[in-house]
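Engineer: Quick one: the structure is below, questions incoming.
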Amino acid sequence: MAAPKSYIYKAGDVIDHTATTDITGGAPTQIGDSGLVGLPQLDIDTGYSDSMTIGGIIAVEAAAAVGNVGDNVWFDSNGSPYGGTASSGAATTVASSGDFWLGTLAVAKGATDSYAYVFLNRANPAMPAWQNRIHQITAVNLTLDVEDSGKVIHNATDEVVITLPVTATGQSVEFIIQCDAADTTVATSINPNGDDKIQGMNIAGTNDKDLINTKATQNRGDYVILQGGHADGYCIVEKRGVWATETP
């Protein structure tokens, strides 16, 4: 018998669920539009009801992606598990690859670990999952425009510079920029226009000076939310980690 796609590692909450399509036992499954993911232990045929685990810790076949305890985990329906069947579905810590959110890592994951151990449906308040957002990865310098407003821009490459569009008073835009690299390995710089500054949350800001997530203090999952539409530039409305204004 083949190893299951996923299985209960530590028991949690269970609910009954009536299948609207055939469900394979051990396959992480979205429960309607509830935002919850359930794990059936047995196959459930269309129209029939059976129990689905919606809490506790589950073990899910995982792609070759790393993660710290508390990192968000998604399920990629055609992802390739490390050492498993290609394109058969896998958990991943890469948001842009996932089809739906599973929960957060209960155990740190290495690239060659076959399974991810996930707190099913449990959010980490310090590490937003940014559900219902578009996730975009960049490994090169990137210039944003108004069509990037609302996206989450992910970076895991050192010395990447993300350039913001010129602010226009009254034009409300929001950019989320997150670092997904291993701790203390990557510096990310956010570059405003020459007449703009990035300020807020004890950061005074200076015109034409970058906001930097410095490599020496960077942690995986550091992020900043910037809101435009202000007369003198961008306002920091939320952040995680150490961010500082570029020095002359």
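The values are calculated or read from the model by the stated rules, or taken from the named source; none is laboratory data. Bear in mind the structure is a predicted one, so any value in this text is a computation, not a measurement. All Cβ positions, glycine included, derive from the backbone under ideal geometry; neighbour counts span all protein chains shown.
Engineer: Among the residues of the stretch 10-38, write down those that are hydrophobic (A, V, I, L, M, F, W, C) and either assigned to a loop (DSSP other than H, G, I, E, B) or under 25 Å from the mean Cα position of the chain (by Cα) (or both).
Structural biologist: Ala11, Ala19, Ala27, Ile31, Leu36, Val37, listed by residue number.
Engineer: A further question follows. Residue check: is Ser97 outside the structural domain of Gln178 (by TED's automatic domain parsing), in contact with a Phe, Trp or Tyr (Cβ under 8 Å, 6 or more places away or on another chain), closer than 27 Å to Gln178 by Cα and small (Gly, Ala, Ser)?
Structural biologist: yes
Engineer: Only one residue in Ala19, Ala63, Ala11 is closer than 27 Å to Ser96 by Cβ, among the small types (Gly, Ala, Ser) and touching a residue at least 12 places away in the same chain (Cβ under 8 Å). Which one? Before you say what the answer is, go through the steps one by one.
Structural biologist: Numbers: Ala19 fails: closer than 27 Å to Ser96 by Cβ; Ala11 fails: closer than 27 Å to Ser96 by Cβ.
Of the residues listed, the single one that is closer than 27 Å to Ser96 by Cβ, among the small types (Gly, Ala, Ser) and touching a residue at least 12 places away in the same chain (Cβ under 8 Å) is Ala63.
Engineer: So which residues in the stretch 18-69 are more than 30 Å from Cys179 (Cα to Cα) and either in contact with a helix residue (DSSP H, G or I) (Cβ under 6 Å, 6 or more places away or on another chain) or of a type in the set (Asp, Glu) (or both)?
Structural biologist: Residues satisfying the conditions are Asp22, Asp43, Asp45, Asp50.
Engineer: Additional query: With outside the structural domain of Asn219 (by TED's automatic domain parsing), at pLDDT below 95 and crowded, with 17+ Cβ neighbours inside 10 Å as the only criterion, which of Leu36, Leu102 stands out?
Structural biologist: Criteria check complete, one pass: Leu36.
Engineer: Additional query: Just to be sure before I move on: is Ala86 of a type outside the set (Ser, Thr, Tyr) and either in a strand (DSSP E or B) or at pLDDT below 95 (or both) in the structure I sent?
Structural biologist: Values: of a type outside the set (Ser, Thr, Tyr): yes; either in a strand (DSSP E or B) or at pLDDT below 95 (or both): no.
For Ala86, the condition - of a type outside the set (Ser, Thr, Tyr) and either in a strand (DSSP E or B) or at pLDDT below 95 (or both) - is not met.
Engineer: For the structure I just gave you, tell me whether Val107 is over 17 Å from Val94 (Cβ atoms), among the aliphatic types (A, V, I, L, M) and in a loop (DSSP other than H, G, I, E, B).
Structural biologist: Yes.
Engineer: Which ones in the stretch 39-68 are outside any loop (DSSP other than H, G, I, E, B) and either of a type in the set (Phe, Trp, Tyr) or more than 20 Å from the chain's Cα centre (by Cα) (or both)?
Structural biologist: So in the stretch 39-68, the residues outside any loop (DSSP other than H, G, I, E, B) come out as 39-40, 44, 49-53, 57-62, 67.
Leu39, Pro40, Ile44, Ser49, Asp50, Ser51, Met52, Thr53 - these are the residues of the stretch 39-68 that are outside any loop (DSSP other than H, G, I, E, B) and either of a type in the set (Phe, Trp, Tyr) or more than 20 Å from the chain's Cα centre (by Cα) (or both).
Engineer: Now a separate question. Identify, please: which residue in the stretch 17-28 is closer than 18 Å to Ile58 by Cβ and touching an Asp or Glu at 6+ places or on another chain (Cβ under 8 Å) and is, among those, surrounded by the fewest Cβ atoms within 10 Å (Cβ to Cβ)?
Structural biologist: Thr24
Engineer: Specify the residue that is surrounded by the most Cβ atoms within 10 Å (Cβ to Cβ); the eligible residues are those in the stretch 194-247 that are more than 16 Å from Ile176 (Cβ to Cβ) and of a type in the set (Gly, Ala, Ser).
Structural biologist: Gly233
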